[in-house]
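Just below is one structure, and these are the notes that go with it.
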Amino acid sequence: MDLFSLTVNELSGLLAKGETTSRAVTESVLERIKAVDSKVRAYITVTGNAALAQADRADRDRKAGTASPVLGIPVAIKDNMCTAGVRTTCASKILGNFVPPYDATVVGRLVQAGTVMPGKVNMDEFAMGSSTENSGFFATKNPWDLERIPGGSSGGSAAAVAAGECIAALGSDTGGSIRQPAACCGIVGLKPTYGRVSRFGLVAFASSLDQIGPLTKDVTDSAIMMNAIAGHDPKDSTSADVPVPDFRSSLVKDVKGMKVGIPKEYFIEGMDPEVDKAVRDAVRTLEGLGAKVVDVTLPHTGYAVATYYILATSEASSNLARYDGVKYGFRAEGAKDLLDQYMKSRSQGFGPEVKRRIMLGTYALSAGYYEAYYKKGQQVRTLIKRDFDEAFKTVDVIATPTAPTAAFRIGEKSSDPLQMYLSDIFTISVNLAGIPGISIPCGFTKGNLPIGLQLLGRHFDEASVLRAAFAYEQATDWHKKRPKIS
Ligand code: GLN
């Protein structure tokens, strides 16, 4: 049995019964990384011996009576979450040598619960992108087809989970960056409600949208990981002080009486017919399980991409002002004065997409344009949020495709930013509204590429999202398929 191919839940059962050890699981994962990562290229940093030391500690703790469902489980961390003593690059040259002195709260919680960190995984630079091609170091490949993108920006997290190079991973989602790569790689990705999971120690991209969440092999693991990371954190002023349920208790195989909304704005022209069909079939499956399917409308959907690219870039332009070559990371040589040092460090340190975003955002915030762009964007954002509030008066969850197409070829969209931005057309509104959303596997294209079903819920109602996702998953076996890496 290949330990690396098992789920958190399966391994936690074996570990509890003493049928395996965290050392054996961690060795299996590290060997898998050795065997396939030269092809997949999910990892920026592999911790190796440090991971084995954590595994031994977990095994000792277990003997001493400690038990947690994630104790001794290897979890990969997206490289935009601070890890004390381990390089955290955000896949940017500007942070290429940055070693944080502290752990992000989510990382601290995992350490507390005794997980093992096999390493830090690749992403689009500063989480800006949908393909992981914008990494400042190298592109990650889709384990289902090495000529295709794994999605992004959490492409390293998704590829590592799908390829068995970790058991679960954390990613971040500002406009779709957990759900879209999960869909591309045939795994489960959950973006929790804004405020559900602390972002202390997450390198900020767009602070009113960013949220951390799990990428896992199935829905049960998603709930297990949420139990480990969710909850209020006084160090993050946007973290919500609300009760945290036991997410596993939502894993009931029953959607009887649940109302599932189908928004017509999400089944559009230009969408891949195979994706359309798989998602409609999935909705029928939910109906067959006893859910009631209802048409809903989210009339402002068409403005979401434009709104997002005003607000996200504005916030990015402000958040990224701190990379000046003085306080963090990279500093260019040979500057003649302070201004020149800022300019040289930023010009050499940031990649082209990050520069594009900073310019867009700085323009949107500049005097004279603020009212026309940023303020207008905020107003439209409210309308988009109200669309969801209205729909959730009649339904419990909303079902949509996660992305309009399956994974595209590496290079296919890199010269056309607008095409790339449109990959997030179904995920972006969810961040603007702050609601939770999950992507789960719901089929394959004829070319054997995974397709994702997105399920959305009310604020802080991850429970309904997980319940519908779990019921669907238990009635199908898409989540059991694993890629053969050639
Ligand atoms: N693809 C979107 C962007 O480039 C979303 C990225 C994300 O969610 N971090 O902004």
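Summary table
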quantity	calculated
Inter-label distance, nm, simple model (7 Å from Cα along the C-beta direction), R482/V99	3.5 nm
√(5λ) per eigenvalue of the Cα gyration tensor, region 180-338, largest first, Å	37, 23, 15
Geometric extent, Cα atoms of region 375-486 - Rg, Dmax (angstrom)	16.2, 50
Fully extended contour minus Cα-Cα distance, from A475 to T394, at 0.36 nm per residue	26.6 nm
Mean ellipticity per residue at 222 nm, deg cm²/dmol - from DSSP H runs of n ≥ 4 across the chain, formula -39500 (n - 2.57)	-11500 deg cm²/dmol
Distance between region 333-364 and region 153-177 - C-alpha centres, whole angstrom	29 Å
Cβ-placed point charges (K, R +1; D, E -1), dipole of region 228-336 about Cα centre in debye, nearest 20	200 debye
Gained length - V252 relative to S347, 0.36 nm times residue gap less alpha-carbon distance	29.0 nm
Residues whose placed amide H lies under 5 Å from that of T83, excluding near-sequence neighbours	A104
Top positive-direction residue, dipole computed over the chain with Cβ charges, set S237, S208, V275	S237
Computed label-point distance, nm, for sites R386 and L339 using a 7 Å Cα→Cβ extension	4.5 nm
Volume of the Cα convex hull of the chain, divided per residue and given in Å³	138 Å³
Apportionment of accessible area to carbon and sulfur, region 348-422, percent (1.4 Å)	58 percent
Compactness of region 1-96 - radius of gyration and Dmax, Cα, Å	14.5, 46
Cα-based convex hull volume of region 306-373 per residue, rounded to whole Å³	85 Å³
For the chain: relative contact order, % (alpha-carbon pairs under 8 angstrom, 6 or more apart)	18 percent
Dipole magnitude (debye, nearest 20) for the chain, charges at Cβ of Lys, Arg, Asp, Glu	360 debye
Dipole of region 257-410 [Lys/Arg +1, Asp/Glu -1 at C-beta], most positive-end residue of S366, G325, T405	G325
Length released on extending from Y370 to R60, taking residue separation times 0.36 nm less the Cα-Cα span	105.9 nm
Cα-centred dipole magnitude for region 51-164, charges only on beta-carbon of K, R (+1) and D, E (-1), debye, nearest 20	340 debye
Fraction of antiparallel bridges per DSSP, the chain only, in percent to nearest 5	70 percent
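The values are calculated or read from the model by the stated rules, or taken from the named source; none is laboratory data. Because the structure is a prediction, the values reported are computed rather than measured. A quick note on method: Cβ atoms are made from the backbone with ideal geometry, for glycine too, and the neighbour counts reach across all protein chains shown. All accessible areas refer to the heavy atoms of the entire protein, side chains included, with ligands and DNA or RNA removed. Shrake-Rupley method; radii C 1.70, N 1.55, O 1.52, S 1.80 Å.
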